[in-house]
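The values are calculated or read from the model by the stated rules, or taken from the named source; none is laboratory data. Here the structure is a predicted model, which means the values were calculated and not measured. Ideal geometry is used to build each Cβ from the backbone, glycine not excepted, and the neighbour counts take in all protein chains shown. What goes into the accessible areas is simple: the full protein's heavy atoms, side chains included, and nothing from ligands, DNA or RNA. Shrake-Rupley method; radii C 1.70, N 1.55, O 1.52, S 1.80 Å.
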Amino acid sequence: MAFLKRINSKAKAETNTGFGSNASSYGGRFITKNGNANVRKSGIGLFDSISWYHTMLNIPRWKFFLIIVLFYFLVNCFFASLYLLNGIEHLQGARVYTLADKFGQAFFFSIQTYTTVGYGHISPSGFTASFTAAVEALFGLLSFAIATGLFYGRFSKPKAHIMFSENAIIAPYNNGKALMMRITPYKNANLTDVEAKVTLGLQMEENGKITNKFFFLDLEMSHVNLLNLSWTIVHPITETSPFYGFSEAEFRNSVGEIIVFVKAFDDMFSNTVVKRTSYVFDEIVYGAKFVPMFTRNDNDTKTILHIDKLNTFEKVILS
């Protein structure tokens, strides 16, 4: 991989970026496509390095429900085993014939105790069985309170419902060219005061050493009052741009990353929401333009936003 040895002298490097300058210490991209820092922490215990609350709020929906169901099943298996160890005869009303019947009766009694349903046809007798049932009932109340809080936290968490195009493009712009990315809202949220910031990270050779250099990219328009349709974020490649004089081959052979930050105000949550992503140079298409993604309906009464066209572009020849 050939590293850049020169950059436009009029482009000013940024120092207050939050990213280190030593390229040999970095592996892969700075920011993942979904906006998380591409960092794995070591030197600390697993349980100390993870916020389980944040993890449960941010994991995919199917993983969240799978964890809830597995936890529910395993907890009841555990308490059912305790009832069996204590003796099934201490569960009055249980009708047992085989080992499977014993476990089934203990398991469903555990579910009734854990959820505090208590149908009544089985009841504990003796101190050990009654104490186990009391502990399970308390544990059930606490765990359901935690699960309810997690459900509410996931449901009520402010989130920027914004999608980014999969690719950035180098497109024709005002008798020149520009770097462009496109974003759009994909849910029925009202986003106002939307602001975008774009930073370029480049690996460059400087005094025989590979370093990370960062540049703040000026935008044609960095703020819009309302985001209802799509917004193409445009960085004109002028004489002050670090991309000035970049050829297609330099984009293809250099190591760089475009980091995009978008901040907006969601009036439903009355809160500021943030979304970010990044594009490595392999995800930049040189010589393309985005295809329009909204049209009017047949009777000219509404505008139709085609979300599936967010990343649709066509190749063009750049002069």
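Loop-resident trypsin sites (Lys or Arg not before Pro) (DSSP state other than H, G, I, E or B) in region 168-229 with no more than 16 further Cβ atoms inside 10 Å of their Cβ: LYS187. 3J(HN,Hα) couplings calculated from phi for region 206-221 with the Karplus curve 6.51 cos²θ - 1.76 cosθ + 1.60 (θ = phi - 60°) are, in sequence order, 9, 6, x, 10, 7, 10, 8, 10, 10, 9, 7, 8, 5, 10, 4, 8 Hz; Gly and Pro show x. Taken one residue at a time, the phi angles of region 272-278 give Karplus couplings (6.51, -1.76, 1.60, θ = phi - 60°) of 7, 10, 10, 9, 8, 7, 8 Hz. Gly and Pro are set to x. Distance between the modelled labels on ALA249 and MET268, one decimal in nanometres: 5.1 nm (7 Å Cα→Cβ projection). Between ILE307 and VAL117, the FRET efficiency from the beta-carbon distance, with R0 = 35 Å, is close to 0.20. Gyration tensor analysis over the Cα atoms of region 28-101 returns equivalent ellipsoid semi-axes of 44, 15, 9 Å (largest first, whole Å).
This model, with +1 at the C-beta of Lys and Arg and -1 at the C-beta of Asp and Glu, gives region 235-312 a dipole about its Cα centre of some 160 debye. Assuming charge only on the beta carbon of Lys and Arg (+1) and of Asp and Glu (-1), the dipole of the chain about its Cα centre is about 240 debye to the nearest 20. Projecting the Cα atoms of ILE237, GLY256, THR277 onto the charge dipole of region 219-291 (Cβ charges, centred on the Cα centre) puts THR277 farthest toward the positive pole.
With the simple model of a label 7 Å out from the Cα in the direction of the Cβ, ILE50 to ARG154 spans 1.6 nm. When nucleic acids and ligands are ignored and a 1.4 Å probe is applied, ASP300 ends up with an accessible area of around 100 Å². Among the protein heavy atoms, those of MET204 account for about 20 Å² of accessible surface (1.4 Å probe, every chain in place). Give me D for region 134-177 in µm² s⁻¹, whole number, from Stokes-Einstein with Rh from the Kirkwood sum over alpha-carbon pairs, 37 °C and 0.692 mPa s. The estimated diffusion coefficient comes to 216 µm²/s.
With no solvent and one equal point scatterer per Cα, compute the Debye intensity ratio I(q)/I(0) for region 182-319 at 0.18 Å⁻¹ and report its log10, rounded to two decimals. Listed by q, the Debye log ratios stand at -1.17. Applying a threshold of 20 Å to the alpha-carbon distances of LYS63/LYS275; LYS187/LYS302; LYS63/LYS102 flags LYS63/LYS275; LYS63/LYS102 as lying beyond it. The calculated FRET efficiency for LEU85 paired with LEU141, based on their beta-carbon distance and R0 = 25 Å, is about 0.60.
Amide H contacts of PHE246 (H built 1.01 Å from N, in plane; Pro and chain starts excluded): no residue 5 or more places away or on another chain comes under 5 Å. Sequentially through region 41-57, phi angles give Karplus couplings (6.51, -1.76, 1.60; θ = phi - 60°) of 8, 9, x, 8, x, 4, 6, 7, 8, 10, 8, 5, 5, 5, 4, 5, 7 Hz, Gly and Pro residues having no value and appearing as x.
Under 19 Å of direct C-alpha separation, and excluding same-chain neighbours fewer than eight residues apart, LYS159 reaches these aspartates and glutamates: ASP193, GLU195, ASP266, ASP267. Of the GluC sites (Glu not before Pro) found in region 187-253, those in coil by DSSP whose Cβ has at most 14 other Cβ atoms within 10 Å are GLU220, GLU239. Can you compute the modelled spin-label distance between TYR186 and PHE71, with each label point 7 Å from Cα toward Cβ, in nm? Here the modelled spin labels are 2.7 nm apart. Set against the 2.2 N^0.38 Å expectation for a compact globular protein, region 107-245 has a Cα radius of gyration ratio of 2.02.
Take the Cα pairs of the chain, get the Kirkwood Rh, then feed it into Stokes-Einstein at 25 °C and 0.890 mPa s and tell me D in µm²/s. The diffusion coefficient I find is 101 µm²/s. Based on the reciprocal of the average 1/r between different C-alpha atoms, the Kirkwood radius for region 215-276 equals 14.3 Å.
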